[in-house]
Amino acid sequence: MSFISEVREKAKSLNNRIVLPESTDERVLKATEEIVKEKLSVPVLIGNAEELTKQAQELGVSLEGAEIIDPINFSKLDEYVAKLVELRSKKGMTEEQAKEILTSDVNFFGAMMVKFGDAAGMVSGSDSPTANVLKAALQVVGTKPGMKTVSSVFLMELKDKIEEYGQLLLFGDCAVIPEPTSEQLADIAASAAETAKSVAGVEPKVALMSFSTKGSARHDSVDVVVEAGKLLTERKVDFDFEAELQADAALVNAVGAKKAPGSKVAGNANILIFPNLAAGNIGYKLVQRLAGAEAHGPLLQGLAAPINDLSRGCSVSDITNLTAITSVQAG
Ligand code: ACO
């Protein structure tokens, strides 16, 4: 069974409420119908019920089984406003500003539903840039206890060379932190290990990657990666990791054995942590385009509750799949 089929099966047994705030997007409406039909979650749409229903009818789509919430006359709007004022008080947010944001920015309203537990998770981004979804997630939901960093992974489902590299690899961070510090790299590694276990059912073997393997090259950017490895050792994390590996040393047995002898991870890594966002973002797109791997994500990690970002070029099945993944993340 493919990874995504397994996730969809798990999501069916959970039946979580997932908010899809960009509800006027045609693809979201079509995905809503499929999500209900397949019982992947209870989709919650944001907007005017009459207008959304009319738009759906014009598309030949049924919204039966979905919930629709209109922020303007939502019974808990005052509570949501008070919470946003409290969360952003240090930035001087007033009640008027909070009300304006929550009634005009569906990402903030959806994130607040997640904050209050009125939805188990949120999937957005078909109609807004990544940074908008991230800002709503960061400002409203924030990080989970004990975690300072919100980051992301892609679940790369290989179609080729599965014998050599396994079916599923996790790549992080490919979407959030432009230049991570050592502490943030360690956080990304720890979150990715957790995502691997909880979402993918994979036993983590984490490679913190660089252009150097075990001292083969020297540069400040290599030191950042080495330091991240030291932090993970100090934290006594409960997963296998190796810092300062080149990609071939991380993935290819013979190269790993030669360049990092004795390592439990070199040659066997299934989680690749990139040293910065440029490498990560370019890396996952190369594997997607040149190796034909399916890239699921980016899955945000480190948040107190799951919120995930779609690409603006997403398809209907991207939305249904990410909804299923988000539901599984919510547990
Ligand atoms: N983890 C934890 N906290 C964070 C993080 C993070 N990664 N980033 C920002 N914060 C904090 C901020 O410090 C801020 O704290 P404060 O309220 O105490 O001051 C709070 O979260 C809110 O952050 P904002 O001010 O709203 O956001 P910021 O301006 O810091 O920008 C953002 C954060 C949007 C994630 C930015 O780093 C960004 O744009 N990253 C790149 C996103 C992107 O374009 N990715 C590439 C495309 S995606 C793709 O191709 C798949």
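Nothing in this text is a laboratory measurement; each read-out follows from the coordinates by a stated rule. In this text the structure is predicted, and so the values were computed from the model without any measurement. Methodologically, a virtual Cβ is constructed for each residue, glycine included, from the backbone with ideal geometry; neighbour enumeration extends over all protein chains shown.
Numerical summary
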{"read-out": "Residue list for segment 84-130, restricted to those being among the polar types (S, T, N, Q), loosely packed, with under 13 Cβ neighbours inside 10 Å and not in a helix (DSSP H, G or I)", "value": "Thr94"}
{"read-out": "Test result for Ala200, of a type in the set (A, V, I, L, M, F, W, C) and surrounded by fewer than 20 Cβ atoms within 10 Å (Cβ to Cβ)", "value": "no"}
{"read-out": "Those residues of segment 28-51 which are touching a residue at least 60 places away in the same chain (Cβ under 8 Å) and crowded, with 18+ Cβ neighbours inside 10 Å, in sequence order", "value": "Val28, Lys30, Ala31, Ile35, Leu40, Ser41, Pro43, Val44, Ile46"}
{"read-out": "Tally, over segment 73-82, of residues that are surrounded by 11 or more Cβ atoms within 10 Å (Cβ to Cβ), free of Cβ contacts under 8 Å to residues at least 40 places away in the same chain and out of contact with any helix residue (DSSP H, G or I) (no Cβ under 6 Å at 6 or more places or on another chain)", "value": "5"}
{"read-out": "Number of the exception - Ser151 against (1) of a type in the set (Ser, Thr, Tyr); (2) surrounded by fewer than 17 Cβ atoms within 10 Å (Cβ to Cβ); (3) within 12 Å of the ligand (Cβ to nearest atom)", "value": "(2)"}
